[in-house]
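K.L.:
Got a structure for you, written out below as structure tokens; questions coming shortly.
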Amino acid sequence: MITIFDELKQRGLIKDTSNEEEVRQLLSTPTTIYSGFDPSAISMHLGNFVQISILMRLQQAGHRIIAVVGGATGMIGDPSGKSKERNLLNQASLQANTNAIKKQLERYLDFSDPKKGIVVNNVDWLGKLSMIDYLRDYGKFFPINYMLAKDVVANRLESGLSYTEFSYMLLQSIDFLHLYQREGCQLQFGGSDQWGNLTSGLELIRKVGTSDKKAGVFSTPLITRNDGKKFGKTEDGALFLDASLTSPYAIYQYFYNVDDVTALNYLKVFSFDSLQILKDIETQHQANLGQRVAQKYLAAGIVKVLHGEAQLNEAKMMSEVLFTGQFKSLNESQLLSVLGGLKVNLPEGILLEDALIQTSAASSKREAREFIQGQSISINGETMNQLSYTLKKEQALFGKYVVLRRGKKLYVLIELQS
RNA sequence: GGAGGCUUAGCGAAGCGGCCAAACGCAGCUGACUGUAAAUCAGUUCCUUCGGGUUCGGUGGUUCGAAUCCACCAGCCUCCA
């Protein structure tokens, strides 16, 4: 039986460690470990999910986990990984984001028993801190030259960095110290862009030195794609965990489309199956090149964890139907369940050109015409290259639906309104 | 405080009075091939009522005509103090 630390390492989930032996030691018996999540958007995306999944693994391995939602730090803005000063979020959207993110964390992590794990909001302690206390109790431990030497700060000296963002590091450090003292939390981890913040927290704990209990941190590598594309990005932006922002089908397709090398790496990162099972998958994949064994397994695994079995089956069915072009054989409710998530209402008699723009399948008329003339558009499975074509109920499925396809992978279901 | 240079489409980078809606590379999109992959090949990438309209850091000017010349402003870079 390998330890959770080594398992994470073998899965390629650990980049840097404050002191590898020490962290391995700490994780060899049940302990408390935390990671933070910024409420900078209404939903977390697949990049955040890597962190969440590590918490899930740690929790399954018997550790107590703490998920910190950055209600306070979110008000400041983390300069890490950013080339420009961020705009501050207003209170209302910050509050909405914080709540939404808490909900999402609760979906994947077990907070039923505080012994297993808790979610906390750092505004609970940072919010109460007075300016003077902040400067006396914490600021004193941060030499300016130490802070300036951090990559995060150094990289921004040219382009500019406000005092506000400069202070971010201290706030995250205070978080760690707080959890260390109150919750006996000795470990923190975060993305590799967080390295500066992670180590400064460690530094603070060391200096304040209220107990001799060890503390450690580790960072996770940036997950990338083998073909150089950014992880978790589609043309429309990030892949979100919220099903209403990114459909389970879109997630399924995203992973299904990944190249071979990436798929095998991602399996280690995202799958909760043992490394032994993954090894078998790899063997099967290599033996049946072209079957996309790894991609299928990967996509199914992720959608199942993210959205559950029912959503997975639907995503699979949609993929099956869409890529064999059999949607004409579906009945109305099946059609809706397959494409309902992509439905748009348009008036009957609309010009195909305009329909493409209305559905965002094309960004301008010029482009719409280019697609039509380039045989890229199909209506209910038939290629349509007439510019003058209008969408009518007579040709629609069940008297009102038109399945519009652009290229190979972009589908829209249009419901005609008279 | 002084001297010089730079700023072109998503990015990189040509163009230096008309032939410029602007070469080329990357990236994106579409088609062919394929494994819903990669590689490769082809097309395409400001908007349009297809007449034209709006672009080359910003604002004014010179000119029949400006991305190209001039003035001012802003940002970035190098050197001197």
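K.L.:
Ignoring ligands, DNA and RNA, what percent of the 1.4 Å accessible area of the stretch A:6-65 is carbon and sulfur?
P.N.:
Heavy-atom surface of the stretch A:6-65 belonging to carbon and sulfur, 1.4 Å probe: 45 percent.
K.L.:
Run the accessible area of the stretch A:234-389 with a 1.4 Å probe and give the carbon-and-sulfur part as a rounded percent.
P.N.:
Whole-percent figure for carbon plus sulfur exposure: 48.
K.L.:
Which is the longest run of chain A containing none of the GluC sites (Glu not before Pro) found in DSSP loop states (not H, G, I, E, B) with at most 10 other C-beta atoms within 10 Å?
P.N.:
Looking at chain A, A:236-418 is the longest stretch - no exposed GluC sites (Glu not before Pro) with at most 10 other Cβ atoms within 10 Å.
K.L.:
Mind pulling the angle between the C-alpha long axis of helix A:275-287 and the longest principal axis of chain A? Nearest 10 degrees, somewhere in 0 to 90.
P.N.:
So the inclination is approximately 30 degrees.
K.L.:
Ok, one more. How large is the charge dipole for the stretch A:1-156, taken about the Cα centre, if only the Cβ atoms of Lys, Arg (+1) and Asp, Glu (-1) carry charge, to the nearest 20 debye? Provide the component values of the computation, followed by the final result.
P.N.:
Numbers: 19 positive and 16 negative charges, 60 e Å.
Value, rounded to 20: 280 debye.
K.L.:
What do you reckon, how do A:D124, A:D259 stack up by accessible area (1.4 Å probe), largest on top?
P.N.:
A:D124, A:D259
K.L.:
Determine the per residue accessible area of chain A with all protein chains present and a 1.4 angstrom probe, expressed in square angstrom.
P.N.:
Accessible area per residue: 48 Å².
K.L.:
Still on this structure: What number comes out for the charge environment of A:G209, summing +1 per Lys or Arg and -1 per Asp or Glu over other residues with Cβ under 15 Å away?
P.N.:
+2
K.L.:
Quick check for the stretch A:248-401: number of Lys pairs with alpha-carbon distance under 25 Å, counting only pairs 8 or more apart or on different chains?
P.N.:
26
K.L.:
Between the helical axis of A:309-324 and the dominant principal axis of chain A, each derived from Cα atoms, what acute angle in degrees is found, rounded to the nearest 10?
P.N.:
40
K.L.:
List the relative contact order of chain A as a percent without decimals, with contacts defined as Cα pairs under 8 Å and 6+ residues apart.
P.N.:
14
K.L.:
Could you work out [θ]222 nm for chain A from helices alone, using -39500 (n - 2.57) per DSSP H run of at least four and dividing by all its residues? Round to the nearest 500 deg cm²/dmol.
P.N.:
Only helices count here, giving -13000 deg cm²/dmol.
K.L.:
I've got another one for you. Over the stretch A:135-199, with every protein chain in place, what whole percent of the accessible area is carbon and sulfur at 1.4 Å, could you tell me?
P.N.:
The nonpolar share, carbon plus sulfur, comes to 49 percent.
K.L.:
Note the angle between two axes, namely the Cα long axis of helix A:293-307 and the longest principal axis of the Cα atoms of chain A, as a number of degrees from 0 to 90, rounded to the nearest 10.
P.N.:
Its long axis makes an angle of about 70 degrees.
K.L.:
A:I357: net charge of surrounding residues, Cβ under 9 Å, Lys/Arg +1, Asp/Glu -1, itself excluded?
P.N.:
Neighbour charge sum, excluding A:I357 itself: -2.
K.L.:
A follow-up question, please. For chain A, modelled as a GNM with alpha-carbon contacts under 10 angstrom, which of A:V152, A:V23, A:V344 fluctuates the most?
P.N.:
For chain A, modelled as a Gaussian network with Cα springs under 10 Å, the answer is A:V344.
K.L.:
Taking chain A as a Gaussian network, Cα atoms linked when under 10 Å apart, which of A:A361, A:A72, A:A315 shows the biggest mean-square fluctuation?
P.N.:
Greatest mean-square fluctuation among the candidates belongs to A:A361.
K.L.:
Give me the aspartates and glutamates in straight-line cross-link reach of A:K213: C-alpha distance below 13 Å, same-chain residues under 8 apart excluded.
P.N.:
Answer for A:K213, where 13 Å is the Cα cut-off: A:E22, A:E183, listed by chain and number.
K.L.:
Normalised by the number of residues in the stretch A:329-418, what is the relative contact order in percent for Cα pairs under 8 Å and 6+ residues apart?
P.N.:
34
K.L.:
A further question on this structure: Mind checking the log10 I(q)/I(0) for chain A at q = 0.10 Å⁻¹? Debye, one equal scatterer per Cα, no solvent, two decimals.
P.N.:
-0.79
The values are calculated or read from the model by the stated rules, or taken from the named source; none is laboratory data. Computed from a predicted model, the values in this text were never measured in an experiment. Cβ coordinates were reconstructed from backbone atoms using ideal geometry, including for glycine residues, and neighbour counts include every protein chain displayed. Please note that ligands, DNA and RNA were not included when accessible areas were found on the heavy atoms of the full protein model with its side chains. Shrake-Rupley method; radii C 1.70, N 1.55, O 1.52, S 1.80 Å.
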